[in-house]
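Quick notes on the structure that follows.
The values are calculated or read from the model by the stated rules, or taken from the named source; none is laboratory data. Keep in mind it's a predicted model, so treat the numbers as computed, not measured. Positions of Cβ are backbone-derived with ideal geometry, glycine not excepted, and every protein chain shown enters the neighbour counts. The protein model used for the area step is the full one, side chains on, heavy atoms only, and it has no ligands, DNA or RNA in it. Shrake-Rupley method; radii C 1.70, N 1.55, O 1.52, S 1.80 Å.
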Amino acid sequence: MTTTPTQQEAEPDDDLDSALVTARRQLERAATHVDVDPGVIERLKHPTKVQQVSVPLERDDGSVDVFTGYRAQHDDVRGPYKGGLRYHPEVSAEECTGLSMWMTWKCAVMDLPFGGGKGGISVDPKVLTEDETERLTRRFAEELRDVVGPTKDVPAPDMGTDAQTMAWFMDAYSMQQGETIPGVVTGKPPVVGGSYGREEAPGRSTAIAAREAVDYYDRDLSNTTVAVQGFGSVGANAARLLEDWGATVVAVSDVNGAIYDPGGLAVHEIPTHEEEPEAVLAQDAPETISNAAILELDVDVLIPAAVGNVITADNADAIAADIVVEGANGPTTFAADTILEERGVAVIPDILANAGGVTVSYFEWLQDINRRQWTLERVNTELEEHMLEAWADVREEVEEKDLAWRDAAYVVALSRIAEAKATRGLWP
Ligand code: NAD
């Protein structure tokens, strides 16, 4: 059965969709497209476990603060839980649960032997010194020690955390276990078991998805214009690769606004968020526009790669691009998705487009277990292969069932998870 909610049935955007609400709605919608036991769908609406821990921190001035940390473990039928740890004031059990569900689908659509996890600490990392962040991370690792591990749950960097955070986490865990266990986390610096190409991977996969979508719709990348919202790790890497492959990137933005040159920007010369934060507006360009306006530019491909919930019921009618490639997680609300589908705008979903990050995390985990580092060339070659396989699997559902790309990606993911659950059975 293939039913698609109409625009009238779509929920208004005034709640701006929490991750958990969106994840459950998307699961219910995907369930209408696949022949899956309703018991399996019911099980997937609930996380296996959500761990809440207190993380006391001695501040540099000797005072003590206590923060709350979480680790949501959604489903592990296909392998260990996998997903980021974020340090952000809005981290909550509910948010982690929703994001962990997305990770389950993302790993399954990429056919990685992982399930979904997500966690973090409700803290503003900007108010912590480096020493305080290290102590907080080490204590958090200790509090989570029983529930993480290379065969149980493998965290990675996320908002507010980075490769150094993962190195501290790995060190704390390893010290307590009495041996060096690099595979407990991914996204580490290469010198302690990290993978080359990990940092660039979500941007690379976003660029690959854009390239394949352009090809699918019988266009030529050399005649394709691209706008990228968010010139950070994902956005800048995607923009630069697409430029290398012949596309014309006409607009990019950061949190302060966007620059626009209809003739094309030299994106390799614009510093990324990491290289020089918020430098986009300082670049020479004929026009400066707002972050709202960049989304509505008349380009062939729009890549929202900054934050979630930027394409909503309020602006979905004004999106002029023919193809939207989701570099960010959750940039399109459920209601906007329906509007874009009715307008014939192809939306390549986050769980496919930016899945290069978790895919190279999987390569890192393999390298750690095998104690053998891969070259950057091998990482990029295998990432390309994984992306093309996932793209082909999703495309097959798009064509066979006449589905939107997001629904098709969910069908691929859900079918794999449901088959694994049916084969393993329900204990007891
Ligand atoms: P980043 O911090 O490197 O860059 C974010 C960029 O977005 C910066 O240029 C920042 O100035 C800009 N920005 C921030 N708020 C904005 C706003 N309200 N409007 C417009 N621009 C804004 O972040 P990143 O790692 O590139 O992540 C971007 C998105 O991609 C997030 O949704 C993240 O969850 C998702 N993602 C990241 C990874 C990863 O491994 N880096 C993997 C998968 C998905």
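Key figures
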| read-out | value |
| --- | --- |
| Test: residue in region 355-366 that is more than 22 Å from the chain's Cα centre (by Cα) and either in a helix (DSSP H, G or I) or in contact (Cβ under 8 Å) with a residue 24 or more places away in the chain (or both) | no |
| Residue identified as free of Cβ contacts under 8 Å to residues at least 60 places away in the same chain and outside any loop (DSSP other than H, G, I, E, B) among Arg135, Arg145, Arg211, Arg204 | Arg211 |
| Search result, residues across region 230-257 that are near the ligand (Cβ under 8 Å from one of its atoms) and in a strand (DSSP E or B) | Ser253, Asp254 |
| Qualifying positions in region 33-84 - in contact with an Asp or Glu (Cβ under 7 Å, 6 or more places away or on another chain) and among the polar types (S, T, N, Q) | Thr48, Gln73 |
| Out of Glu287, Glu278, sole residue that is touching a strand residue (DSSP E or B) at 6+ places or on another chain (Cβ under 8 Å), within 25 Å of Gly160 (Cβ to Cβ) and open to solvent by 10 Å² or more (accessible area, probe 1.4 Å) | Glu278 |
| Residue within region 328-347 that is surrounded by fewer than 19 Cβ atoms within 10 Å (Cβ to Cβ) and more than 30 Å from Met101 (Cα to Cα) present | no |
| Matching residues in region 301-327 - criterion: being open to solvent by less than 10 Å² (accessible area, probe 1.4 Å) and either part of a helix (DSSP H, G or I) or acidic (Asp, Glu) (or both) | Ala316, Glu326 |
| Members of region 175-201 that are among the hydroxyl-bearing types (Ser, Thr, Tyr) and open to solvent by less than 10 Å² (accessible area, probe 1.4 Å) | Thr186, Ser195 |
| Scope region 326-348; condition under 12 Å from Thr206 (Cα atoms) and within 12 Å of the ligand (Cβ to nearest atom); matching residues | Glu326, Gly327, Ala328, Asn329 |
| Residue within region 276-297 that is at pLDDT 95 or above, within 30 Å of Arg395 (Cβ to Cβ) and within 12 Å of the ligand (Cβ to nearest atom) present | yes |
| Every residue from region 258-275 that is acidic (Asp, Glu) and either part of a strand (DSSP E or B) or at pLDDT below 95 (or both) | Glu274, Glu275 |
| Filtered residues of region 152-171 (kept if polar (S, T, N, Q) and open to solvent by 40 Å² or more (accessible area, probe 1.4 Å)) | Gln164 |
| Flag for Asp298 being out of contact with any helix residue (DSSP H, G or I) (no Cβ under 6 Å at 6 or more places or on another chain), within 14 Å of Val250 (Cα to Cα) and open to solvent by 10 Å² or more (accessible area, probe 1.4 Å) | yes |
